[in-house]
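Contents: one structure, followed by commentary.
Any read-out appearing in this document is the output of simple, stated calculations on the displayed coordinates, not a laboratory observation. Because the structure is a prediction, the values reported are computed rather than measured. Cβ sites come from the backbone with ideal geometry, for glycine too, and all protein chains shown count toward neighbours.
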Amino acid sequence: MYQALRTSRTEFVPIRHLRYHVRQWGEPSSALPPLVLLHGWMDVSASFQFMVDALSAPFFQGRRILAPDWRGFGLTTAAGTDHHSFPDYLADLDFLLDHYAPGQPVDLVGHSMGGNVAMLYAGVRPQRIRRLINLEGFGMPATRPAQAPGRYARWLDDLKALQRGELALTRYPDQAGVARRLMKTNPRLDAGKADWLASHWARPDETGQWAILGEAAHKVSSAQLYRLDEVLQVFQRITAPTLAVEASDDSLAQWHKGQYTLADYHARLASVPQVERAVIDDAGHMLHHDQPLQLAQRVEKFLT
């Protein structure tokens with residue numbers, strides 16, 4: 001199994017009627033802004049361990065690194081919730097920063113869904129962000145108002161499917177089964193890292209089977225359309241220097257089959273006042289697993 005080089009501490013804080021789990025590395029310094037890491041959908045805060053381990057000693061020294069488990073993921077439970085609204089992530093982040101860095105700008109890094117949250121938050125609360133890094137947080141294909149009736153109907157149908165247990169997450173016989181699932185999703189992930197991630201990504205339930213630490217409510221479709229015109233208005237308000245990092249593999253081509261492309265995403269980035277792009281070689285969507293050293297070096301260079 002992978003051996004973590006830098007041990008994290010775990011803490012639970014009351015955020016918006018939830019017991020939020022926050023993972024921490026390093027020690028705070030008055031001279032250095034906190035570095036906040038936001039994981040993606042169906043992931044957990046421990047996902048950043050490999051990148052944190054790859055940071056250089058001078059960069060890590062005296063720096064506080066924080067990574068929350070989003071509501072309904074990891075050890076942050078949201079029992080009784082039958083769906084999750086995207087604005088809730090913005091509010092959770094706002095309260096978390098009030099708790100850990102009141103009145104202090106932070107360096108914010110988000111992966112995938114966490115990157116989408118980070119981009120929107122940086123435009124809504126521009127004074128809270130010193131530097132912003134978006135790791136494959138592409139957003140969603142543009143929508144049309146005519147799609148609204150069907151979207152609301154799908155949301156209602158999903159809520160009923162959740163109640164019937166039809167959206168339940170797969171369970172695995174043991175930790176090795178979880179690790180195999182992770183390697184199937186990401187062929188670049190080696191067995192040692194997969195085994196380590198599995199121990200944080202899932203836990204044995206009362207039957208002894210390993211259950212993913214993600215609530216099925218996350219599989220309910222959003223009732224809200226992705227309104228690109230609103231997103232671009234938010235992007236224009238970002239004041240922090242921004243780094244948009246992509247993997248060399250084209251995830252958008254995989255997911256959206258031409259409906260939404262990298263060229264479309266790059267056009268959206270033109271609305272961000274200070275943005276540069278970078279590509280991590282020999283990496284897929286989970287680029288912080290595939291090339292943690294390459295990514296850590298790029299993050300360090302941008303933040304310093």
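Here are the numbers:
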{"quantity": "Whichever residue in the stretch 57-114 is of a type in the set (Val, Ile, Thr), closer than 29 Å to LEU225 by Cα and crowded, with 19+ Cβ neighbours inside 10 Å and, among such residues, is farthest from the chain's Cα centre (by Cα)", "calculated": "THR76"}
{"quantity": "Filter result for the condition that a residue is buried (at least 17 other Cβ atoms within 10 Å of the Cβ) and either farther than 23 Å from LEU37 by Cβ or touching a Ser or Thr at 6+ places or on another chain (Cβ under 6 Å) (or both), over GLN163, GLN147, GLN175", "calculated": "GLN175"}
{"quantity": "Members of the stretch 242-263 found to be under 17 Å from GLN297 (Cα atoms) and out of contact with any Phe, Trp or Tyr (no Cβ under 7 Å at 6 or more places or on another chain), listed by number", "calculated": "THR242, ALA244, VAL245, GLU246, ALA247, SER248"}
{"quantity": "Set VAL52, VAL117: member being among the β-branched types (Val, Ile, Thr), assigned to a helix (DSSP H, G or I) and under 24 Å from GLN3 (Cβ atoms)", "calculated": "VAL52"}
{"quantity": "Residue under evaluation THR170, criteria (1) surrounded by 14 or more Cβ atoms within 10 Å (Cβ to Cβ); (2) under 25 Å from LYS257 (Cβ atoms); (3) in contact with a strand residue (DSSP E or B) (Cβ under 9 Å, 6 or more places away or on another chain); (4) not small (Gly, Ala, Ser), criterion not met", "calculated": "(1)"}
{"quantity": "Lone unmet requirement of (1) touching a residue at least 60 places away in the same chain (Cβ under 8 Å); (2) outside any loop (DSSP other than H, G, I, E, B); (3) surrounded by fewer than 18 Cβ atoms within 10 Å (Cβ to Cβ); (4) of a type in the set (D, E, K, R) for ARG131", "calculated": "(3)"}
